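Colleague: Just passing along the structure, written as structure tokens.
The values are calculated or read from the model by the stated rules, or taken from the named source; none is laboratory data. In this text the structure is predicted, and so the values were computed from the model without any measurement. Positions of Cβ are generated from backbone atoms using ideal geometry, with glycine treated the same way; all protein chains shown enter the neighbour counts. We work out accessible area using only protein heavy atoms, side chains counted, and drop any ligands, DNA or RNA first. Shrake-Rupley method; radii C 1.70, N 1.55, O 1.52, S 1.80 Å.
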Amino acid sequence: MRRKINVQLVSISIIAIVSTMLVMLFVFYDLFQTQVQDDLRANAIVLKNTGIFHSGNEKALHMDYRKLRVTWISATGTVLYDNDADVGTMDNHMSRPEVKHAFKDGDGNAVRKSATMDTNTFYYAIKLNDGSVLRVAREASNIWSVCGKILPIVAATILIMIILCIILAHIMTKSIIKPIEQMAVDLNDFSIVPAYKELEPFAATIRAQHTDILKSARMRQDFTANVSHELKTPLTAISGYAELMENGMVPPEEIGTFCQKIEKSARRLLSLINDIIRLSELDSANTQLIVEKFDLFEEMALCVENMQIYAEKNDVTITYEGGSQEITANREMINELINNLCANAIRYNKKNGTVKVRVDSEQGHPYLRVEDTGIGIPKEHQKRIFERFYRVDKSRSKQTGGTGLGLAIVKHIVALHDAKLDLESEVGKGTTITVTF
């Protein structure tokens, strides 16, 4: 970036310098031409006012001007006098532009380029009182000749200016880049305001992205640590029970009990692995949401009926109510969402508690509501309850067999369907979770 800015500044400077030099050259040469014409006009007027150009005085005229050529032309175009050439060899001048204009308008001027020399000849003609025309002329360098003469000076000036521009461009680039580099160093310090006002939106975006990246990194780190811990627990139990049985340290009458413990740990391990795989699938950017229209109430009723045995096992009564509500969604994911919400409501309920599941609509939007009379969630934990492996009561989770990923899966499914998730809970009274489509 530094080199690119440096090169661009130097390039712009070189273009500006060369362009300025060329413009100045043409402007100065135009001024030079105007000055030459003004000088010729002044000379012509002075010579006219001397009164020496009159009939019969042709042979008496003698003018020794080195740089000024004087020509006296009769009303018929015949050259009467010329201080630089033999009038006898000169042709009729009536067709010359400056002479023609002088006869017609009183004065005229012209510039003729030399075909062999790098010079221009400037002419000015003025009409005299007797009808004849007095013309003065002088040679001057043309623009290319002037360029050739001043080229070494111009080249030296351009070179010096380019060197100065390179130095200044380097200093400017450094001053422009320094605040940006400083901002990159102090990215975590939100109290530092960018040096340039234009960088404030950019800095805000970068800092927000940086914060998100750090947050995601911490979440991945926590997730990895939690996965390792959660997988290690049932594996340790399975390994321990198996080792005891292998070494004959378990009485024959307790082998069945140990096998049940191994089976329970294996089921927990399998459930945990399945949830991790499912969460990874939902996290994937390539997740394709295949949707269809179906009745949310019918899907909910089927899930609740399947949960009856699990509810009875936990001494919980689960019921459903509401009416038909059609939604467009992924049926499999919605089924998974209902199962996870219901399983969570049963798992963290009290003995002889209840779970009510309702499907209805509000302001034209169908919703699914799962309400339980369980232990409830403290306010300080409610914002984090949908994080992976986050548990309010870890000891109870181990007893009930939860993986800590159910609500995280629910949150992902809700996000994929652009739905709204609301949580209301009070410790000791229960929890209500509403998903609005």
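Colleague: What pairs come out if I take residues in the stretch 29-47 that are within 17 Å of Asn120 (Cβ to Cβ) and pair them with residues that are among the aliphatic types (A, V, I, L, M) and assigned to a helix (DSSP H, G or I) whose C-beta lies under 7 Å away, six or more apart or interchain?
Modeller: Short answer, once both residue conditions are applied: Tyr29/Ile143; Tyr29/Val146.
Colleague: For the stretch 23-30, does any single residue satisfy the condition of being within 60 Å of the chain's Cα centre (by Cα) and more than 18 Å from Ser141 (Cβ to Cβ)? Even if it seems obvious, please write down each step before you answer.
Modeller: Going through the stretch 23-30, the residues within 60 Å of the chain's Cα centre (by Cα) turn out to be 23-30.
This time we only want the ones that are more than 18 Å from Ser141 (Cβ to Cβ), so: 23.
Scanning the stretch 23-30 turns up at least one residue that is within 60 Å of the chain's Cα centre (by Cα) and more than 18 Å from Ser141 (Cβ to Cβ).
Colleague: If only one of Ile73, Ile12, Ile45, Ile52 is over 21 Å from Asp130 (Cα atoms) and of a type outside the set (Phe, Trp, Tyr), which one is it?
Modeller: Result: Ile12 is the single residue among Ile73, Ile12, Ile45, Ile52 that is over 21 Å from Asp130 (Cα atoms) and of a type outside the set (Phe, Trp, Tyr).
Colleague: Which residues, counting only those in the stretch 54-78, are in contact with a strand residue (DSSP E or B) (Cβ under 8 Å, 6 or more places away or on another chain), over 30 Å from Ile153 (Cα atoms) and open to solvent by less than 50 Å² (accessible area, probe 1.4 Å)?
Modeller: Correct list: Leu61, Met63, Val70, Thr71, Trp72, Ile73, Ser74.
Colleague: Turning to a different aspect of this structure: When the stretch 22-53 is examined, which residues are found to be surrounded by 11 or more Cβ atoms within 10 Å (Cβ to Cβ) and over 30 Å from Ile153 (Cα atoms)?
Modeller: Correct list: Arg41, Ala42, Asn43, Ala44, Ile45, Leu47, Lys48, Ile52, Phe53.
Colleague: Among the listed residues Glu305, Glu312, identify the single one that is in a helix (DSSP H, G or I), more than 22 Å from Ile409 (Cβ to Cβ) and out of contact with any strand residue (DSSP E or B) (no Cβ under 6 Å at 6 or more places or on another chain).
Modeller: Glu312
Colleague: Additional query: Please count how many residues of the stretch 248-263 are within 60 Å of the chain's Cα centre (by Cα) and either open to solvent by 70 Å² or more (accessible area, probe 1.4 Å) or free of Cβ contacts under 8 Å to residues at least 24 places away in the same chain (or both).
Modeller: 2
Colleague: Any idea which residue in the stretch 204-240 is modelled with the highest pLDDT, counting only those that are open to solvent by 50 Å² or more (accessible area, probe 1.4 Å) and under 30 Å from Ile255 (Cα atoms)?
Modeller: Ser239
Colleague: Evaluate the following for Asn109: is it in contact with a Pro (Cβ under 9 Å, 6 or more places away or on another chain) and surrounded by 18 or more Cβ atoms within 10 Å (Cβ to Cβ)? Give the derivation first.
Modeller: Values: in contact with a Pro (Cβ under 9 Å, 6 or more places away or on another chain): yes; surrounded by 18 or more Cβ atoms within 10 Å (Cβ to Cβ): yes.
It is true that Asn109 is in contact with a Pro (Cβ under 9 Å, 6 or more places away or on another chain) and surrounded by 18 or more Cβ atoms within 10 Å (Cβ to Cβ).
Colleague: Could you run through the stretch 66-93 and say how many residues are of a type outside the set (S, T, N, Q), in contact with a Ser or Thr (Cβ under 9 Å, 6 or more places away or on another chain) and over 18 Å from Val136 (Cβ atoms)?
Modeller: Going through the stretch 66-93, the residues of a type outside the set (S, T, N, Q) turn out to be 66-70, 72-73, 75, 77, 79-82, 84-88, 90-91, 93.
This time we only want the ones that are in contact with a Ser or Thr (Cβ under 9 Å, 6 or more places away or on another chain), so: 69, 72-73, 75, 77, 79-82, 84-85, 87, 90, 93.
Next, only the ones that are over 18 Å from Val136 (Cβ atoms) stay: 75.
Qualifying residue count, the stretch 66-93: 1.
Colleague: Out of (1) touching a residue at least 60 places away in the same chain (Cβ under 8 Å); (2) open to solvent by 40 Å² or more (accessible area, probe 1.4 Å); (3) not polar (S, T, N, Q); (4) not in a loop (DSSP other than H, G, I, E, B), what's the single condition that is false for Ala125?
Modeller: Of the numbered conditions (1) touching a residue at least 60 places away in the same chain (Cβ under 8 Å); (2) open to solvent by 40 Å² or more (accessible area, probe 1.4 Å); (3) not polar (S, T, N, Q); (4) not in a loop (DSSP other than H, G, I, E, B), the odd one out for Ala125 is (2).
Colleague: Another question, if that's okay. Which members of the stretch 348-382 meet the condition of being in contact with a Cys (Cβ under 9 Å, 6 or more places away or on another chain) and open to solvent by 40 Å² or more (accessible area, probe 1.4 Å)?
Modeller: none
Colleague: Name, by its number, the condition in (1) in a helix (DSSP H, G or I); (2) open to solvent by 30 Å² or more (accessible area, probe 1.4 Å); (3) at pLDDT 85 or above that does not hold for Gly88.
Modeller: (3)
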